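Report on the structure given below.
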Amino acid sequence: MGCETKSLTLNRRALLQGAAATAGGLLLAGGERAAAQGTTSKVVAWETGYLGFFFFVVLQEALKRKVESLGLEFVGKDANGDANAQVNDWNSLLLQKPRYLISDALDSELLIPLSKKAKSLGVPLGMVDTVLTGGEVAASVTFDNKQSGVMAAEKTAELLTKKHGSPKGSVLNNYGSLTAVALRDRKDGFEDTLKSKYPDIEIISRPQNNQHEQALAVVSATLRERPDLDAIHMPTDIFVVDARKALETQKRLFPVGHEKHIILTSIDASPNALEWVKAGEIDADIAQDPIAYVEIVVDLLEEYTLKGKPVPTGSYENKKYFWEKGTIADSPSGPLLTIPPYFLTKENADDPRHWANVVTQVWKMQQNAG
């Protein structure tokens with residue numbers, strides 16, 4: 001991976017697989033033989049669940065830039081939030097026998113059979129952001145979604161303690177679609193932490209199913225029903241705009257530190273969120289890194305899978321990214337790099353490695369409402 005610093009420790013399984021591949025020479029086993037055959041294609045296929053949300057626009061843009069930097073050709077499809085359309089897109093792209101297919105899942109179980117089909121066709125598969133819970137994936141990159149929920153819960157409890165003198169009060173968790181394992185994990189991390197550690201904090205758990213209209217409706221209704229509401233947690237910055245709109249409409253949007261401020265936490269650390277944090281308009285935002293997701297999965301596919309070698313498990317280090325260190329481990333779908341979540345704060349907001357700063361300062365992209 002060039003001059004970037006990376007540390008990957010092979011485990012016993014990976015070493016045995018590597019030895020077997022060497023001993024077998026050209027007789028690579030199953031998926032490794034297929035992967036090696038697939039290197040003749042210069043086309044990299046991408047399938048995203050949404051392009052109506054800025055986070056996924058950045059995922060796609062990062063992949064296009066990475067692919068083009070390698071002299072390869074990018075092709076992509078957008079399921080527009082429809083899990084069945086994503087299945088059809090995968091089938092269509094696989095028929096083109098691309099170099100590899102990279103995707104973020106709308107439904108973490110529905111695509112498992114197609115991951116096996118991809119392997120049988122000799123098309124390596126990379127998953128990013130929302131990964132699969134099983135199947136045959138050459139390399140996946142995500143972040144610790146459950147821990148991000150835990151961190152948001154702990155921050156909410158800390159802020160409620162500051163407000164009330166003890167961890168008590170009420171919080172709306174306006175959770176996302178549970179067909180995606182990433183959003184399930186965020187919900188579980190947030191709610192399980194509060195339930196197990198802070199019994200005096202009331203959780204108002206209501207879904208928005210990844211829809212702006214529903215997020216706005218849920219937050220608006222909750223504010224009307226609960227004039228004493230203390231806090232709101234959104235599972236992604238995509239829907240913070242809806243929470244802010246609801247608060248503003250009901251004249252309850254006050255800055256951090258104001259006696260009437262409603263605590264607001266989220267996950268993503270998007271360009272909008274970076275500005276909100278710096279301005280003291282939201283309390284906490286936890287960062288994930290879409291640019292790292294696709295850049296690293298391409299590196300892993302190119303440097304290992306397409307050469308018929310297993311992706312090594314163990315520690316991973318890359319100082320190009322703010323988080324710097326993660327871990328590659330075996331998962332039910334294959335090797336999975338988990339990037340650690342971290343808080344975007346006023347103190348670290350200007351670091352050029354934040355994906356929000358790369359997007360706005362280097363790529364000169366402007367974030368839309370979502």
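The values are calculated or read from the model by the stated rules, or taken from the named source; none is laboratory data. Since the structure is predicted, the reported quantities are computational estimates derived from the model, not experimental observations. Cβ coordinates were reconstructed from backbone atoms using ideal geometry, including for glycine residues, and neighbour counts include every protein chain displayed. To get the accessible areas, we keep the full protein, side chains included, count just its heavy atoms, and leave off ligands, DNA and RNA. Shrake-Rupley method; radii C 1.70, N 1.55, O 1.52, S 1.80 Å.
Can you give the log10 of the normalised intensity I(q)/I(0) at q = 0.11, 0.17, 0.23 Å⁻¹, computed with Debye over equal Cα scatterers of the stretch 52-148?
The Debye formula, applied to the Cα set alone, gives -0.31, -0.77, -1.42.
Would you mind computing, in nm to one decimal, how far apart the modelled labels at K278 and Q366 are, each placed 7 Å from Cα along Cα→Cβ?
1.6
With an 8 Å cut-off on Cα pairs and a minimum separation of 6 or more residues, tell me the relative contact order of the chain in percent.
The normalised contact order for the chain reaches 20 percent.
Zone of L110 (label point 7 Å along Cα→Cβ, backbone N under 16 Å): which residues in the stretch 330-349?
None, by backbone N distance to the label point.
Per DSSP H run of n ≥ 4, the term is -39500 (n - 2.57); total these for the chain, divide by its residue number, and report the mean residue ellipticity at 222 nm rounded to 500 deg cm²/dmol.
-12000 deg cm²/dmol, from helical runs alone.
Viscosity 0.890 mPa s, temperature 25 °C: what is the translational diffusion coefficient of the stretch 91-190 from Stokes-Einstein with a Kirkwood Rh over Cα pairs, rounded to a whole number of µm²/s?
Value of D from the Cα-based Kirkwood radius: 159 µm²/s.
Determine, at each q value in 0.22 (inverse angstroms), the log₁₀ of I(q)/I(0) that the Debye formula gives when each Cα of the stretch 183-234 is one equal point scatterer.
Evaluating at q = 0.22 Å⁻¹ gives log10 I(q)/I(0) of -0.93.
Rounded to whole Å and sorted largest first, list the principal axis extents of the Cα atoms in the stretch 177-324.
Extents along the principal axes: 60, 31, 31 Å.
Run through every distinct alpha carbon pair of the stretch 123-178 and return the Kirkwood hydrodynamic radius in angstroms, one decimal place.
Mean inverse Cα-Cα distance, inverted, gives 14.2 Å.
When the solvent-accessible surface of protein heavy atoms is calculated with a 1.4 angstrom probe, in what order do E275, E317 fall, highest first?
E275, E317
When the accessible area of the stretch 107-148 is split by element with a 1.4 Å probe, what percent falls to carbon and sulfur?
Its accessible area is 51 percent carbon and sulfur atoms.
Test of understanding: what is the full-extension gain from K195 to T40, defined as 0.36 nm times their sequence separation minus their Cα-Cα distance?
Going from the current span to full extension adds 50.5 nm.
Using a Cα-Cα cut-off of under 24 Å, which lysines could be cross-linked to K64, ignoring same-chain neighbours fewer than 8 residues away?
By straight Cα distance, K64 reaches K6, K42, K77, K97, K119, K307, K319, K320, K364.
So, R0 is 25 Å and r is the distance between the beta-carbons of N88 and Q211; what FRET efficiency does that work out to, to 0.05?
That pair, N88 with Q211, gives E of 0.70.
Once the cut-off is 36 Å, how many percent of the Cα-Cα pairs in the chain end up in the long-distance tail?
In whole percent, the share of Cα-Cα pairs in the chain beyond 36 Å is 24.
Go through H261, H212 and list them by solvent-accessible area, largest first, probe radius 1.4 Å.
H212, H261
At V256 and K346, where each label point lies 7 Å from the Cα along Cα→Cβ, what is the point-to-point distance in nanometres?
0.7
Can you work out the base-10 log of I(q)/I(0) for the stretch 151-194 at q = 0.21, 0.34 1/Å, using the Debye formula on its C-alpha atoms alone?
-0.67, -1.18
Dipole of the stretch 246-336, Cα-centred, from +1 at each Lys and Arg C-beta and -1 at each Asp and Glu C-beta, to the nearest 20 debye?
So the dipole magnitude of the stretch 246-336 works out to roughly 80 debye.
What are the radius of gyration and Dmax of the stretch 271-370, computed over its Cα atoms and given in Å?
For the stretch 271-370, the Cα radius of gyration and maximum Cα-Cα distance read 15.7, 50 Å.
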